[in-house]
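Chemist: This is the structure, below, for whatever I ask next.
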Amino acid sequence: MSDHYTVVGTAQTRSEAWQKVTGQAVYVHDFSLPGMLHTKILHSPHAHALIVAIDVTAAKALPGVKAILTGADLPYLLGLYMVDKPILARHKVRYQGEPVAAVAAVDEVTAERAVGLIKVTYSELPAVLSVDAALAGQTLVHEDINELEYIKGAFFPQPDSNIASWHQTRRGDVQQGFAAADFVFEDELSLPQVAHAPLETHVSIAQAHPASNRVTIWTSAQSPFSVRNLLAKAFGLARADIKVVVPFIGGGFGGKAGIHLEPLALALSRACNGIPVRVKASREEEYNQLPCREGLRGRVKTGITKGGKITAMQLYFDWDGGAYADYSVNVGRAAGYAGAGPYALDNIELHSRTLYTNKVFGTAYRGFGHLETHWVIERHMDLLAQRLQIDPYELRQQNLLREGSLTISGERINANSGRVDQCLSAVASEIGWCGYRSAAERAAGIARGKARGKGLAVLHKAPAMPANTATGAIMQLNEDGSVIMLLGATDMGQGAYTVMAQIAAEILAMPLDKIKVSGEVDTDHSPYDWQTVASKYSFMGGNAVIRCAQDVLRQLKATAAQVLRIPVDELAHANERIYHVQHPEQFVTYQALAMGYTYRNGNAIGGPIIGRGTYLAPGLTNLDDNGQGLPALDWTYGAHGAEIEVDIETGEVTVLKIASAFDVGQVLNPKLCKGQVIGGVMQGLGSALCEEYKYSPDGKLLNPSFTDNKIPTAQDTPREIVPILLENPQADGPFGARGVGEHPMISVPSVIGNALYDALGINFYELPLTPEKIALAVAKLARP
Amino acid sequence: MLTNFEYAKPITLTHAVQCLAEKEREVKILSGGTDLLVALRRKQVQPALVIDIKGLKELTALTYTPGQGLSIGAAVCVNRLAEADVVRQYFPALAAAARVLASYQLRNRATVGGNICNASPAADLVPPLLVYEGVLEVVSQRGSRRIPLQDFFTGVKQHVLERDELLQGVFLPDTTDATGATGATGATGATSATGMTNVTDVGGLYLKQGRLKGHDLSIIGLAARLNAAKQFRFAVAAAAPTPLRLFALEELLNAQPFTPALAELAAQAINLYIHPISDVRATAEYRRHMAAVFVRRAVSSLVTAGGKQDG
Amino acid sequence: MAKHVITCGINGAAISAEVDSGQTLLEFLRGELSLFGAKEGCGEGECGACTVMVNGRAVNSCLMLAVEADGCEVKTVEGLAQGGKLAILQEEFVQHDALQCGFCTPGMLMSARALLDRTSDPGEEEIKVAIAGNLCRCTGYLPIVSAIQAAAKREREETASE
Ligand SMILES: Cc1cc2nc3c(=O)[nH]c(=O)nc-3n(C[C@H](O)[C@H](O)[C@H](O)COP(=O)(O)OP(=O)(O)OC[C@H]3O[C@@H](n4cnc5c(N)ncnc54)[C@H](O)[C@@H]3O)c2cc1C
Ligand code: FES
Ligand code: FES
């Protein structure tokens, strides 16, 4: 599809790769500043308890200790949507692992020793550890929920409850829809909390410059401008007083969106008269202090005709959001308009409740709730097909969103919206889908000891972002005619900078290697970007870069018009030159124009070429009380098809092949795009097969380490991952492109669950699908 | 940075045991360090003196003497076992276990002695060392003694070594000998069914189940061996507070006719002899299930191998 | 803290340095030698981000004391590129997009280097086993496996033509 472009659509290698393979790439993990202090944190040992007293006397007396802070010193509350989270626990602790006190000292050993000397007296409270306990509301995680500040109109905390936000979506009439159905079926599915597990743990360094309000933060964060914004709000600082610098990031996946260790680092640096302070999470803290992906219980009730046409659907999503709302209320909101999957549903009632519990809190995680909701919906679709005895492929095809359908928030899908039906048929043909195997085939597989099965699942996701989300780009031409580009988004390895450079090269008609993206975001220098989340950057950043490059061209042409004495509308550009459309020999090079065109006598015109481009998603709206509105910048549709083999005795699943198709509109860089798919599928397989937070009955996290909270290794890879990229262009996307960063993870667990049914005839309703769960289920089947 | 300790690397055994005899200070032996450094980091141990034993040549030797056996120095690293021809050929269950212990780079550091002395219920090398009827050689300033491996463990992370004692190595009697008897305790001394001289083990294997296919601690591990006299030996990891040799199961099987039916018998019986618990890694139910699966697979494969040998 | 003087080779250069007994090799490389390539992802032997080669073998430098490196030859990712040119293995990592965030990459490269030093033609499964101790959350591993295979092939061709 990309023959008409020269750089866009080509498989360029990532621009910063050489730094990464030589060990030269510097992460905050590698940073240190002269005199920098080190921090250790005292964590709550209880899931829910009152803090009766804290005694830091002995710790303070330890030589080398520079500052000790407790909640009493930090009367701030933070929060993106619900302002509910103290920097250090105040009055009470709400999850085991919550920071209670922090010590800054000359080295980690001293800080750790000091932490050991802090004495805290707690008075334990009953803990809320399940969705049901949260809903029952006997114990409140936030006893002050009625007083909390929050973004009104977007979130709906319920008084005197553990419901941080309750989103409702209503279209059509579900009662009528159920009445019109031949059958009504109900299912309940769930999945536990899991970890992002970036290889670089969270780390921030803050320096509060003494005698001024000025602060500098170096942090491993996805969203420097959000960090600045939230810090400014919490500490009452001017935005311009805060400088946030983000160098290379060792993985984020949503866990480094928002704000995490930065406020504590800043508070400590302030307490130490501006000496820089580093707060670095250990792997254990990464699990039990820093946020995870929220758990979910989904209940779905569907009315359907004999032929498989869905007439109504009612959904309850109950999110185990943990102790603080963070992003999980917004995850809950996104489920409100996307949680029913890419289906045309005329009658829908959907409730999405983000609940407070006394567990590690949830946040954004690649997929932003969609992996979770698709686990419910895409397993439910197969369960419906089984009950009706129709092919789950056909069932899906019959109900998918198509041109002219309305989404559940009332958006009309049009010819440029992308084609989920094509994604589904692409993966079905790739894995050779021909319906569920027969009971006899299944029995034969089980008898062989190795049962094979295939499965399908579709998906969709739009960026979950405020209606007024914006981004910007700045370009400057250098003396040699090369370009340096400043962007506000971070590149965590998704390849954003490489792709943006490709877009710029395409518009400017110049070689890619002459375009450099400044590899470090610095809120003092970089143009604004809301956050690097939500798979929206290729789209929004791409459009901003196009506009920025066009601005550069406009400036080049304005000066060239004078130099060449040709009207601007008769100028064209190519090969780093501006020339007359009819007489290309009349040209001037970009280089000659870069700093202003200089005549022989030294006289110069024009000036340094500095372009700017911005993009603000037009036409998006908030959702109304019935969840209706236009929240989606673009929908990226996709589908997975998988063939698996199950060792029926050990319960181990081997993925033989997984095909993943996405309608990306236009591939901007096939190499990086496929990289996103392969990496995302693998991460999805982690959620599918092994990842899970496990708690003791009193709410202690039992597996805060890689030892017992495993992520897949190279030996756990599928035999084959087949990325399939469809290109039905998005009219307003850059070159027609849509985002695909998160999507490869979504519905991977569903497709494995569906394939397991095909293989074994057993339906699983809870993730992860561990060898243990599978083997014991098979063994039960065998027992009379 | 780990907490304060002194580090010594003796190059003679005499010096090493002398260091260990120190009474006033807490002393810890450092072999590969893959358990010890984690414990130091987590402040589970805080020794004043750490003695690195990798400089002792007695502890780093791996020697096989035909007709006698294999002598493995305590500081021999796991990858050496996995790669050594003599181990692969004559002690295949041990080589198999060595190949699945932790990750490749960890196996370059982790040692046999560390695996034994760490006394984890899930120690992967221990079941094979048990089925090969390993005998530990222990030294101290007070002299030396030999301890059959099966008498070594007393509980989770507990064993019979005194604080001044050093594990020097483990000796495995040869699996190739004229009588088919296996020397150490528990052996029946029966002659080989085929009556051949100089026969070898029929085979040995180690089966391990983790939570995923990549490196993980054992949810359950089973070593099985069929010796030249067609006598079974079994031992398990992560199925009891200590790794366990399953004498009773062996007796049960060894008393039966040597047929494929033994596999099912073993699977039915194994759960009488193990005591797994439920923990964060697995439930006791799955451990029991897998013990049966593994012993069925192991016996069936060994019976097939034994049958082929006869044929 | 007890101090020890160690002598070792670091990427081919002999060095002599004083180290604390409680210092890990990883801390020594990063803290004293400013070799920041090796990373700490867990500090407990699980993730492999700290992998370096000691006497030709891949090890987790977080689980080794700096004093234990006395008399050893240590190789880190910084020692791979020679004469201002990327090594074949590094080039293939770049070509196959075997890295995203890059945090696991130095350790991954060292596990791969050690593998290719002991076998010039490793099979796919062998590669996966060799890098299973190196966690990567970004790439899904398959591009890394391809990169190592491609590097092995090029290195074999290079040796053959020498
Ligand atoms: C990431 C990771 C994964 C692991 N996976 C596995 C696995 O899959 N299977 C498994 O079995 N283990 C596993 N382990 C545990 C560990 O690697 C093994 O137990 C290893 O064999 C220990 O050997 P070492 O030489 O490193 O022991 P060290 O840490 O050196 O020593 C362990 C203990 O034994 C003592 N000791 C060591 N040598 C002697 C001696 N000669 N005499 C007396 N006492 C001694 C030490 O003082 C210490 O208390 C894993 C560990 C890690 C960190
Ligand atoms: S840091 Fe060494 S293995 Fe994770
Ligand atoms: S590239 Fe990010 S962890 Fe491997």
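Chemist: In region C:69-96, which residues are in contact (Cβ under 8 Å) with a residue 12 or more places away in the chain and closer than 24 Å to residue C:17 by Cβ?
Modeler: Correct list: C:69, C:70, C:71, C:72, C:73, C:74, C:75, C:76, C:77, C:78, C:79, C:80.
Chemist: In region B:1-21, what count of residues is obtained for those that are more than 11 Å from chain C (Cβ to nearest Cβ), open to solvent by less than 70 Å² (accessible area, probe 1.4 Å) and without any contact (Cβ under 8 Å) to a residue 60 or more places away in the chain?
Modeler: 3
Chemist: In this structure, is residue A:699 modelled with pLDDT under 95 and in a loop (DSSP other than H, G, I, E, B)? Walk me through it before giving the result.
Modeler: Values: modelled with pLDDT under 95: no; in a loop (DSSP other than H, G, I, E, B): yes.
So residue A:699 does not fit the description; no.
Residue by residue, here is whether (1) open to solvent by 10 Å² or more (accessible area, probe 1.4 Å); (2) outside any helix (DSSP H, G or I); (3) among the aromatic types (Phe, Trp, Tyr) holds:
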{"position": "A:715", "(1), (2), (3)": "yes, no, no"}
{"position": "A:718", "(1), (2), (3)": "no, yes, no"}
{"position": "A:723", "(1), (2), (3)": "yes, yes, no"}
{"position": "A:728", "(1), (2), (3)": "yes, yes, no"}
{"position": "A:732", "(1), (2), (3)": "yes, yes, no"}
{"position": "A:735", "(1), (2), (3)": "yes, no, yes"}
{"position": "A:740", "(1), (2), (3)": "yes, yes, no"}
{"position": "A:750", "(1), (2), (3)": "no, no, no"}
{"position": "A:755", "(1), (2), (3)": "no, no, no"}
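Chemist: Here is a follow-up. How many of the residues in region C:44-56 are closer than 24 Å to residue B:39 by Cα and more than 16 Å from ligand 3 (Cβ to nearest atom)? Spell out the reasoning first.
Modeler: Our first condition is that a residue be closer than 24 Å to residue B:39 by Cα; within region C:44-56, this holds for C:44-54.
In the following step, the residues that additionally are more than 16 Å from ligand 3 (Cβ to nearest atom) were identified as C:44-45, C:52-54.
Going through region C:44-56 one residue at a time, the tally reaches 5.
Chemist: Here's another thing I want to ask about it. Checking the conditions here, which among A:669, A:703 is open to solvent by less than 10 Å² (accessible area, probe 1.4 Å) and within 10 Å of chain C (Cβ to nearest Cβ)?
Modeler: The conditions single out A:669.
Chemist: Any residue in region A:312-332 that is farther than 20 Å from residue A:163 by Cα, surrounded by 24 or more Cβ atoms within 10 Å (Cβ to Cβ) and not polar (S, T, N, Q)?
Modeler: yes
Chemist: Determine whether residue C:78 is facing another protein chain (nearest Cβ under 7 Å), in a loop (DSSP other than H, G, I, E, B) and open to solvent by 10 Å² or more (accessible area, probe 1.4 Å).
Modeler: no
Chemist: Report, ordered by the first and then the second residue, all pairs with beta carbons closer than 8 Å, sequence separation of six or more or different chains, a first member in region B:212-236 that is more than 14 Å from every other protein chain (Cβ to nearest Cβ) and within 12 Å of residue B:121 (Cα to Cα), and a second member that is open to solvent by less than 10 Å² (accessible area, probe 1.4 Å) and assigned to a strand (DSSP E or B).
Modeler: Pairs found: B:235/B:222; B:235/B:223; B:236/B:220; B:236/B:221; B:236/B:222; B:236/B:223.
Chemist: Got a sec? Which of C:135, C:116 is surrounded by fewer than 24 Cβ atoms within 10 Å (Cβ to Cβ) and either under 20 Å from residue C:78 (Cα atoms) or not small (Gly, Ala, Ser) (or both)?
Modeler: Just one listed residue meets the conditions, C:116.
Chemist: Same structure again: What number goes with the only condition from (1) assigned to a loop (DSSP other than H, G, I, E, B); (2) open to solvent by less than 30 Å² (accessible area, probe 1.4 Å); (3) in contact with a Leu (Cβ under 9 Å, 6 or more places away or on another chain) that residue A:435 does not pass?
Modeler: Against the list (1) assigned to a loop (DSSP other than H, G, I, E, B); (2) open to solvent by less than 30 Å² (accessible area, probe 1.4 Å); (3) in contact with a Leu (Cβ under 9 Å, 6 or more places away or on another chain), residue A:435 comes up short only on (3).
Chemist: Quick one: residue C:38 ticks every box in (1) open to solvent by less than 10 Å² (accessible area, probe 1.4 Å); (2) within 16 Å of ligand 1 (Cβ to nearest atom); (3) part of a loop (DSSP other than H, G, I, E, B) bar one, so which box is it?
Modeler: (2)
Chemist: Output the qualifying pairs, or none if there are none: Cβ atoms under 6 angstrom, residues six or more apart or on different chains, first residue in region B:95-114 and assigned by TED's automatic domain parsing to the domain that holds residue B:81 and within 16 Å of ligand 3 (Cβ to nearest atom), second residue aromatic (Phe, Trp, Tyr) and at pLDDT below 95.
Modeler: Correct list of pairs: empty, since none qualify.
Chemist: Specify the residue that is nearest to the other protein chains (Cβ to nearest Cβ); the eligible residues are those in region A:23-45 that are open to solvent by less than 20 Å² (accessible area, probe 1.4 Å) and over 30 Å from residue A:59 (Cα atoms).
Modeler: Only one residue tops the list, namely A:23.
Chemist: Looking at region A:733-768, which of its residues are farther than 30 Å from residue A:669 by Cα, within 12 Å of another protein chain (Cβ to nearest Cβ) and in contact with a strand residue (DSSP E or B) (Cβ under 7 Å, 6 or more places away or on another chain)? Give the steps one after another, and end with the answer.
Modeler: The first filter runs over region A:733-768 and keeps only residues farther than 30 Å from residue A:669 by Cα, leaving A:753-768.
Add one more test, that the residue is within 12 Å of another protein chain (Cβ to nearest Cβ), and what stays is A:768.
The answer is none; no residue qualifies.
Chemist: Quick one: which residue in A:415, A:440 is out of contact with any Ser or Thr (no Cβ under 9 Å at 6 or more places or on another chain), at pLDDT below 95 and open to solvent by 10 Å² or more (accessible area, probe 1.4 Å)?
Modeler: That would be A:415, the only listed residue that is out of contact with any Ser or Thr (no Cβ under 9 Å at 6 or more places or on another chain), at pLDDT below 95 and open to solvent by 10 Å² or more (accessible area, probe 1.4 Å).
Chemist: Out of region B:29-38, which residues are within 12 Å of chain C (Cβ to nearest Cβ) and outside any helix (DSSP H, G or I)? Spell out how you get there, then give the answer.
Modeler: Taking region B:29-38 and keeping what is within 12 Å of chain C (Cβ to nearest Cβ), we get B:30-38.
Selection gives B:30, B:31, B:32, B:33, B:34, B:35.
Chemist: Which of the strands (runs of 3 or more DSSP E) contained wholly in region A:598-665 include at least 1 residues that are basic (Lys, Arg) and within 21 Å of residue A:715 (Cα to Cα)?
Modeler: By residue number, A:653-663.
Chemist: Filter region C:83-105 down to residues that are of a type in the set (S, T, N, Q) and under 15 Å from the mean Cα position of the chain (by Cα) and give me whichever is nearest to ligand 3 (Cβ to nearest atom).
Modeler: By that ranking, first place goes to C:105.
Chemist: Ok, one more. Checking residue A:687 against (1) in contact with an Asp or Glu (Cβ under 7 Å, 6 or more places away or on another chain); (2) more than 10 Å from every other protein chain (Cβ to nearest Cβ); (3) assigned to a helix (DSSP H, G or I), which test does it fail?
Modeler: Only one criterion is unmet by residue A:687, namely (1).
Chemist: Given (1) farther than 30 Å from residue B:42 by Cα; (2) open to solvent by less than 70 Å² (accessible area, probe 1.4 Å); (3) part of a helix (DSSP H, G or I), identify the lone condition not met by residue A:59.
Modeler: Among (1) farther than 30 Å from residue B:42 by Cα; (2) open to solvent by less than 70 Å² (accessible area, probe 1.4 Å); (3) part of a helix (DSSP H, G or I), residue A:59 violates only (1).
Chemist: Mind listing just one residue for me: the one in region B:39-64 that is within 9 Å of chain C (Cβ to nearest Cβ) and within 16 Å of ligand 2 (Cβ to nearest atom) and, of those, least open to solvent (accessible area, probe 1.4 Å)?
Modeler: That would be B:40.
Chemist: Testing residue A:307 on (1) among the small types (Gly, Ala, Ser); (2) over 30 Å from residue A:144 (Cα atoms); (3) assigned to a strand (DSSP E or B), one condition comes back false. Which one is that?
Modeler: Answer for residue A:307: the failing condition is (3).
Chemist: If I filter region C:38-61 for residues that are within 14 Å of chain A (Cβ to nearest Cβ) and away from ligand 2 (no atom under 16 Å from the Cβ), do I get at least one hit?
Modeler: Looking for residues that are within 14 Å of chain A (Cβ to nearest Cβ) and away from ligand 2 (no atom under 16 Å from the Cβ), one finds none in region C:38-61, hence no.
Chemist: Looking only at region C:27-37, filter to residues that are within 16 Å of ligand 2 (Cβ to nearest atom) and closer than 21 Å to residue B:6 by Cβ; which one of those is farthest from the other protein chains (Cβ to nearest Cβ)?
Modeler: By that ranking, first place goes to C:28.
Chemist: Hey, among the residues in region C:90-142 that are more than 13 Å from chain B (Cβ to nearest Cβ) and on the phi > 0 side of the Ramachandran plot, which one's farthest from ligand 2 (Cβ to nearest atom)?
Modeler: In this case the residue turns out to be C:97.
Conditions (1) part of a helix (DSSP H, G or I); (2) near ligand 1 (Cβ under 9 Å from one of its atoms), marked per residue:
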| position | (1), (2) |
| --- | --- |
| B:55 | no, no |
| B:58 | yes, no |
| B:71 | no, no |
| B:82 | yes, no |
| B:93 | yes, no |
| B:109 | no, yes |
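Chemist: Among the numbered criteria (1) under 18 Å from the mean Cα position of the chain (by Cα); (2) open to solvent by less than 10 Å² (accessible area, probe 1.4 Å), which one does residue A:279 miss?
Modeler: Failed condition: (1).
The values are calculated or read from the model by the stated rules, or taken from the named source; none is laboratory data. Please read these numbers as outputs of a predicted model, since none were measured by experiment. With ideal geometry, Cβ positions are generated from the backbone for all residues, glycine too; neighbour counts draw on all protein chains shown. Keep in mind that these areas ignore ligands, DNA and RNA; they rest on the heavy atoms of the full protein, side chains included. Shrake-Rupley method; radii C 1.70, N 1.55, O 1.52, S 1.80 Å.
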